[in-house]
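Encoded as structure tokens, the structure appears first; notes follow it.
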Amino acid sequence: MNRRSLAALAAATLIATGCGAAEPAGIAPTLAPGLDLPAGTVPQTIALDRKFDDPMPLHLHGDPYDHTVNAANCAEYEKLRSRVDGSDNAPDYEVVKYQGANCDALALMRRAIASPQSALPPGDFLTWRSTDLFPGSLWAAFSDDEIASLASPKATLRTASGKAVFKSVPNHFLELEDRGGGVHLTLMGLGDIDHDGWQDAVVLVEGYAKGGSNRTARVAVLTRRTGETRLHEIPVGSLLK
């Protein structure tokens with residue numbers, strides 16, 4: 001991927017969507033098919049200390065008391081992320097969710113090293129259209145019961161949505177919808193994120209309910225090893241500490 005795409009990845013930290021539309025737009029549509037790191041180095045264009053156009057309002061819980069602070073960049077957000085429980089109002093919380101997911105993606109990509117081996121599906125990310133390939137945990141979920149159900153090892157995006165294939169939105173993202181909602185998957189980058197020798201994909205996951213205001217945004221790390229039939233998620237909590 002050329003340096004123009006690398007700069008686009010860094011610029012993704014500065015983008016926050018509005019809260020008026022029921023469905024999210026792709027936060028970083030110029031990133032597909034993503035950033036690869038064949039040399040195992042991360043360019044300085046991925047700068048966590050690059051300032052946002054506007055500070056990100058974060059409501060924090062815990063020591064010494066609950067309060068709100070403004071994060072000036074992704075570096076400040078990542079230091080506080082374990083204490084963030086929202087924001088003071090709904091519009092600000094939309095900013096926190098979407099911009100925070102982009103910051104997490106950058107933080108994960110900063111960990112990336114070269115991948116000695118890969119069993120990811122061949123070809124461009126936007127050709128990974130079979131929903132059988134993806135874990136059900138990526139589907140839009142808005143309750144603890146839904147999240148628990150989709151976390152089952154047997155759950156796939158096909159069983160969650162009833163759909164066999166994604167719609168590929170050229171130069172943007174993979175889109176999957178049923179009558180109630182949908183999900184957009186945008187590839188943010190490729191590399192060995194957890195340092196186990198296998199190539200991983202850092203993916204922005206945007207879920208939404210049709211005809212309503214429920215939306216989710218998070219980052220996921222997907223991988224597959226030789227002999228495995230589909231992708232699975234790597235827990236990102238420990239990787240972001």
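The values are calculated or read from the model by the stated rules, or taken from the named source; none is laboratory data. This structure is a prediction, so every number in the text was calculated from the model and none was measured. As a convention, Cβ positions derive from the backbone with ideal geometry for all residues, glycine included, and neighbour counts pool all protein chains shown.
Taken over segment 196-222, the residue count meeting the criterion of being of a type outside the set (A, V, I, L, M) and in contact with a helix residue (DSSP H, G or I) (Cβ under 6 Å, 6 or more places away or on another chain) is 1.
Here's the yes/no breakdown for (1) in contact with a strand residue (DSSP E or B) (Cβ under 6 Å, 6 or more places away or on another chain); (2) not in a loop (DSSP other than H, G, I, E, B):
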{"position": "Pro153", "(1), (2)": "no, no"}
{"position": "Arg158", "(1), (2)": "no, yes"}
{"position": "Asp194", "(1), (2)": "yes, no"}
{"position": "Val205", "(1), (2)": "yes, yes"}
{"position": "Ala220", "(1), (2)": "yes, yes"}
{"position": "Arg230", "(1), (2)": "no, no"}
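Set side by side, the residues Ser115, Ser137 differ, and just one is in contact with a strand residue (DSSP E or B) (Cβ under 6 Å, 6 or more places away or on another chain) and assigned to a loop (DSSP other than H, G, I, E, B), which is Ser115.
Asn171 fulfils the conditions (1) in contact (Cβ under 8 Å) with a residue 40 or more places away in the chain; (2) farther than 19 Å from Tyr98 by Cα; (3) in contact with an Asp or Glu (Cβ under 6 Å, 6 or more places away or on another chain) except for a single criterion, (3). Restricting attention to segment 132-149, the residues that are free of Cβ contacts under 8 Å to residues at least 40 places away in the same chain and either under 18 Å from Thr229 (Cβ atoms) or over 20 Å from the mean Cα position of the chain (by Cα) (or both) add up to 3. You will find that of Ala16, Ala72, Ala11, the residue that is modelled with pLDDT under 85 and surrounded by fewer than 18 Cβ atoms within 10 Å (Cβ to Cβ) is Ala11 and no other. Any residue at all in segment 50-73 that's in a helix (DSSP H, G or I) and either more than 23 Å from Glu175 (Cα to Cα) or of a type in the set (A, V, I, L, M) (or both)? No, that holds for no residue. In the set Leu185, Leu174, Leu108, Leu120, only one residue is at pLDDT 90 or above, within 23 Å of Gln199 (Cα to Cα) and part of a helix (DSSP H, G or I); that residue is Leu108.
Out of Ser161, Ser213, Ser130, Ser137, I need the residue that is crowded, with 16+ Cβ neighbours inside 10 Å, more than 23 Å from Arg81 (Cα to Cα) and of a type in the set (S, T, N, Q). Which one?
Ser161
Restricting attention to segment 123-158, the residues that are modelled with pLDDT of 85 or more and charged (D, E, K, R) add up to 5.
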